[in-house]
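What follows is calculated from the coordinates using simple rules that are stated; it is not laboratory data. From a predicted model like this one, the values you see are computed outputs, not experimental measurements. All Cβ positions, glycine included, derive from the backbone under ideal geometry; neighbour counts span all protein chains shown.
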Amino acid sequence: MDQLKSLIREVPDFPKPGILFYDITTLLKDAAGLRRVIDGLGSHYQSQKIDVVIGIEARGFIFAPAVAYALNAGFVPVRKPGKLPAATARIEYKLEYGTDALEIHRDAVQPGQNVLIVDDVLATGGTAHAVVDLVRNLGGVVAGLGFVLELDFLGGRAKLPGCDVQALLHY
Ligand code: AMP
């Protein structure tokens with residue numbers, strides 16, 4: 001896993017001063033690294049029946065479809081407001097300053113379906129928590145959440161009580 005870490009570029013002061021940005025594009029372009037990440041995100045759920053894998057816009061879209069393919073599941077996008085064309089369910093959540101919102105098609109998850117949520121980074125957990133609520137509001141069952149990396153010091157995991165949370169790398 002240390003080798004995987006070495007493939008992630010750390011960019012100080014992006015997108016604003018004081019933020020250390022974990023840039024996964026350097027990992028994505030490495031064939032062996034990409035394979036290890038997709039295999040790693042899916043492997044924990046291989047023995048379960050996952051119906052759909054959700055990717056959170058935007059970087060979740062890079063990983064979730066490949067994980068869905070590996071698990072023989074479908075892929076569902078959770079998008080920023082105003083992007084999905086049909087009837088949507090919406091959730092608003094708090095940011096450090098102000099609020100943000102995410103949407104999912106109402107018919108994207110059926111009641112009782114097992115859902116795996118995938119994103120690149122678990123930071124404060126606000127985004128992931130909102131998506132868990134979105135899935136549950138539609139009657140879906142959150143089988144787990146998978147992240148490439150988790151910023152342990154931000155404590156995002158605490159916002160996801162009772163959820164199975166897997167991260168390949170920890171910082
Ligand atoms: P949060 O809601 O705080 O857990 O933030 C999660 C979202 O913000 C993820 O979708 C990440 O893509 C992005 N994110 C937050 N912090 C970072 C960081 N330091 N480096 C890269 N992406 C980040």
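Among 103, 96, 10, 57, rank each residue by its count of other Cβ atoms within 10 Å, from fewest to most, as a rough exposure measure.
96, 10, 57, 103
Computed over the Cα atoms of region 47-170, what is the ratio Rg over Rh, Rh following Kirkwood?
0.93
Report ³J(HN,Hα) in whole Hz for each residue of region 112-124, in order, from the Karplus equation J = 6.51 cos²θ - 1.76 cosθ + 1.60 where θ = phi - 60°; Gly and Pro get x.
x, 5, 8, 10, 10, 9, 10, 8, 6, 10, 9, 9, 6
Please list 83-93, 22-32, 106-116, 125-135 highest first by mean number of surrounding beta-carbon atoms within 10 Å per residue.
Per-residue mean Cβ counts within 10 Å order the peptides as 125-135, 106-116, 22-32, 83-93.
So which trypsin sites (Lys or Arg not before Pro) in region 36-77 pass both tests, a DSSP loop state and at most 12 other Cβ atoms within 10 Å of the Cβ?
Of the trypsin sites (Lys or Arg not before Pro), the ones in loops of region 36-77 whose Cβ has at most 12 other Cβ atoms within 10 Å are 49.
Give the long-range amide H neighbours of residue 117: residues separated by 5 or more places, or on another chain, with amide H under 5 Å away, using H modelled in the peptide plane at 1.01 Å from N.
When sequence neighbours closer than 5 places are left aside, the close amide H contacts are 54, 144, 145, 146.
Relative contact order, percent, of the chain when contacts are C-alpha pairs under 8 Å separated by at least 6 residues? Present the calculation step by step, with values, prior to reporting the outcome.
Working: 333 pairs, mean separation 30.5, N = 171.
Relative contact order for the chain comes out at 18 percent.
What lysines does residue 16 reach when the alpha-carbon gap must be under 20 Å and sequence neighbours fewer than 8 apart in one chain are set aside?
The reachable lysines, counting only those whose Cα sits under 20 Å from residue 16, are 94.
At 222 nm, what helix-only mean residue ellipticity would the chain give, in deg cm²/dmol to the nearest 500, using -39500 (n - 2.57) for each DSSP H run of four or more? Please report the intermediate quantities before stating the final value.
On the way: 5 runs with 45 residues, N = 171.
Using -39500 (n - 2.57) per qualifying helix, the result is -7500 deg cm²/dmol.
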